Amino acid sequence: MTAGFPTRTWFGHPVGLSTLFFTEMWERFSYYGMRALLVLYMVQHVLLPGQAERLIGYRTAKAGLEFLFGPLDVQPLSSHIYGLYTALVYLTPIFGGLLADRVLGQRRTVVIGAVLMAIGHFMMAFEPLFLPALLMLILGNGAFKPNISTQVGRLYPPGDRRRDRAYSIFYVGINLGAFLAPLVCGTLGEEVGWSWGFGAAGIGMMIGLIIYLWALRTLPPDDPIPAREARRAAGRLTREHRRAIGALLVLFIPVTLFWATYEQQGNTIALWASDYTDRTIALGSWSAEIPVTWFQAFNPFMIFAFTPFVVALWARQARRGREPTTVTKMALGCLGVTLANLIMAIAAWQAGAGKAGWLWLFAYFVVITLGELYLSPTGLSLVSKLAPAQIISMMMGVWLATSFTGNFLSGWLGSFWSGMAKPDFFLMIAAIAAVAAAAIWAFNRPLKKALPE
């Protein structure tokens, strides 16, 4: 290790990247495994009359939600609990990052977050603890998520062009876990028993924690007592620091628009697949229909299938001195969402009153996945480059909160689905993504001087 940066490499990257890759993969396995069961578990079992009254905190939680939204039956109550849970999962990383920056450091905060999440998953196996388990998972994710992402950037010195590619590799771990989770935890929960599915998610989190602790030596050490001593060493935030923070906060808006349009794939795209898509596959006399939910597996599968090619392309461009800047990549990511929705607009126009072939959806997922690979991991990389060392984990949490606001806005945009002609709806989503691309592109020149590239 030289000047605080690891020197041992594996396939051209620090060995610590593999540690973070597999830790994050198992954490995402646990998160998406539990999430795949959550709504079904509430609607079909734990919130049913006679069952719900046994839950600790149920009456208080229901009274609070009904105060805001009026009387709630089982399904809408389940939907609101699900929405509140997923929203807070993307909000609490701000506070987890602040805790790491000012008090505990990134390593301890990651370990605490992993332990809390493992406990939360195992608590889910006991029905009365359902709501406290969700709270435990929210707090654990807030501690874990921003600090594991920040540690990827700390493996590389300033100006190292491998950093964008490292976040793309790290992103594969996220989506590999997301792809496997419903197949394992979902199947166990539905076919064997709810507690088996939640228990499998807990085991996945424990595996991630064990990997992290076992390979901790491959990661750079935390700064000593992060915020207090970092501030002594670096002094107050400089004008350049404040300018970088301001740029990240302004970029927050177009990145929120990216997630609002991107997340339609789990909302209105699912409705399109169900109601407007011919899902038949025919080979001679044999034919079968693709299940609607299988389309949701296209994106995570394509992410880890396409990432090696995208990373190789960037490496080739870097050797020629033509690799796009981080901000350019993010603008291209938004443009990918625009093109994907233009494909769907053409599909809707071509289908008319009938149904479109499933290959239109396949093409949509190919393009939107490439867009995601250009924006999401490089956005994490941008934060690791621009955020001052004193508050880097907190800024990573702020960046992750774009998914909080984006998911909220995504639901509002989706509410127009039933009242609009489908070509018009997809054109609207494409236009919003195009505005986001233009806004990010406008920051290319101002941020170019600030980036250590």
Quiz item: When DSSP beta bridges are limited to those with both residues in the chain, what percentage is antiparallel, rounded to the nearest 5?
Solution: 80 percent
Practice problem: Note down the magnitude of the dipole of segment 1-137 about its Cα centre, charges +1 on Lys and Arg C-beta and -1 on Asp and Glu C-beta and zero elsewhere, to the nearest 20 debye. | Solution: 360 debye
Practice problem: Taking 7 Å along the Cα-to-C-beta vector as the label spot, tell me the H45-A389 distance in nanometres, rounded to one decimal. | Solution: 4.9 nm
Self-check item: Over the chain: helical MRE at 222 nm, DSSP H runs n ≥ 4 each giving -39500 (n - 2.57), nearest 500
Solution: -23000 deg cm²/dmol
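Return H80, H121 ranked ascending by Cβ neighbour count within 10 Å, so the fewest neighbours appear first. The partial results should precede the final answer.
Values: H80 18, H121 28.
Taking fewest neighbouring Cβ atoms as first place, the list is H80, H121.
Got the relative contact order for the chain handy, in percent, Cα pairs under 8 Å and 6 or more residues apart? Provide the component values of the computation, followed by the final result.
On the way: 720 pairs, mean separation 111.8, N = 453.
Here the relative contact order equals 25 percent.
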Quiz item: Among E53, E127, E372, E27, which comes first, then next, by fewest other beta-carbon atoms within 10 Å?
Solution: E53, E127, E372, E27
Exercise. Taking the Cα centre of the chain as origin, sum charge times position over the Cβ atoms of Lys and Arg (+1) and Asp and Glu (-1), and report the length of that vector in debye to the nearest 20.
Key: 2060 debye
Quiz item: Which ³J(HN,Hα) values, rounded to whole Hz and listed in residue order, are derived for segment 417-431 from phi using the Karplus coefficients 6.51, -1.76 and 1.60 in 6.51 cos²θ - 1.76 cosθ + 1.60 with θ = phi - 60°, glycine and proline given as x?
Solution: 4, 6, x, 10, 4, 4, x, 5, 4, 5, 5, 4, 5, 4, 5
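If you rank V110, V255, V15 by fewest surrounding Cβ atoms within 10 Å, what's the result?
The fewest-first ordering by Cβ neighbours comes to V15, V255, V110.
Each value in this text was obtained by applying a stated rule to the coordinates, not by laboratory testing. Worth saying up front: this structure is predicted, and the values here are computed from it rather than measured. All Cβ positions, glycine included, derive from the backbone under ideal geometry; neighbour counts span all protein chains shown.
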